[in-house]
Amino acid sequence: DTEVTQTPKHLVMGMTNKKSLKCEQHMGHRAMYWYKQKAKKPPELMFVYSYEKLSINESVPSRFSPECPNSSLLNLHLHALQPEDSALYLCASSQVGVRGEQYFGPGTRLTVT
Amino acid sequence: KQEVTQIPAALSVPEGENLVLNCSFTDSAIYNLQWFRQDPGKGLTSLLLIQSSQREQTSGRLNASLDKSSGRSTLYIAASQPGDSATYLCAGLIKAAGNKLTFGGGTRVLVKP
């Protein structure tokens, strides 16, 4: 099974709302990632978790708060977002180390109104 | 800044023609290079992963090569079909980029029936 699942598929939220994105994998991968992708652009890395610990934060605003409660789950908590945060949010996972292939989920399409 | 470049940005071919997609990178200290396919509004599907010690990988109609000395990777898709229409992204895991995937801008492919 090489599947990464993400919920919800679509999310519309106001600037004062709090919402969460969820990502799950059962491939035994211990590295998990959040990416943001704007239209017609490549994905941009936001966060990396390695062995359930945050290892990379690409200077992401604090209105995005990641969480890795266990080795299979990755959450992204959203609060007080701006319209420019509207994008496709992609989760990925891989083995830890430099030889691992990254597997991506289908993404959550987020619209901030 | 480590860069990954894909030229052309868009490509249109008649069905049955072989596709040749190019990816260039500025640093030969690359751990691996991954090719992805992305359909509009969807996540990334991993097509092929080439480790730095390998010269090529093959899967069905797909063949990807890696030449570290010239900083190039090429994805060949034989006998293209309309279903191959998508955006193709290459991404390198480059040591100088902090062991993070660095994406090219993608090539949008249209296969005309």
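Computed quantities for the displayed model
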| item | result |
| --- | --- |
| Unit charges on C-beta of K, R, D, E only; dipole of the stretch A:57-113, Debye | 80 |
| Proportion of all alpha-carbon pairs of the stretch A:68-113 beyond 17 Å (%) | 48 |
| For A:S93, B:S52, order by how many other beta-carbon atoms lie within 10 Å, fewest first | B:S52, A:S93 |
| Net dipole in debye of the stretch B:59-113 [+1 Lys, Arg Cβ; -1 Asp, Glu Cβ; about Cα centre; nearest 20] | 120 |
| Residue-count net charge about A:V96 - beta-carbon cut-off 14 Å; Lys, Arg +1, Asp, Glu -1 | +2 |
| Principal axis box of the protein assembly as shown, alpha-carbon based, largest edge first, Å | 51, 38, 35 |
| Rounded to whole Hz, the Karplus (6.51, -1.76, 1.60) HN-Hα couplings of the stretch B:83-89, x for glycine and proline | x, 7, 5, 4, 9, 10, 10 |
| Electrostatic dipole magnitude of the stretch A:17-73 [Cβ: Lys, Arg +1; Asp, Glu -1; Cα centre; debye, to 20] | 320 |
| Antiparallel bridge percentage (DSSP; both residues within chain B; nearest 5) | 90 |
| Calculated Rg and Dmax of the stretch B:71-113 using C-alpha coordinates, Å | 13.5, 43 |
| Residue mean of other protein chain beta carbons inside 10 Å, A:102-109 | 4 |
| Options A:N57, A:H10, A:A31, ranked by Cα towards positive dipole end of chain A, top entry (Cβ charges) | A:H10 |
| Partner aspartates and glutamates for A:K18 [C-alpha distance under 14 Å; skip if fewer than 8 residues away on the same chain] | A:D85 |
| Within chain A, longest stretch free of exposed trypsin sites (Lys or Arg not before Pro) [DSSP loop, at most 14 other beta carbons within 10 Å] | A:64-98 |
| Cα convex hull of the stretch B:7-67 - mean projected area over all directions, nm² | 5.3 |
| Packing-based exposure ordering (other Cβ within 10 Å, fewest first) of B:T87, A:T111 | A:T111, B:T87 |
| Cα centroid separation - the stretch B:54-113 against the stretch A:43-113, whole Å | 24 |
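Bear in mind that the values in this text are calculations on the coordinates, not laboratory data. Note that the structure is predicted; figures quoted are calculated from it, not measured. Note: ideal-geometry Cβ built from the backbone for every residue, glycine included; neighbour counts use all protein chains shown.
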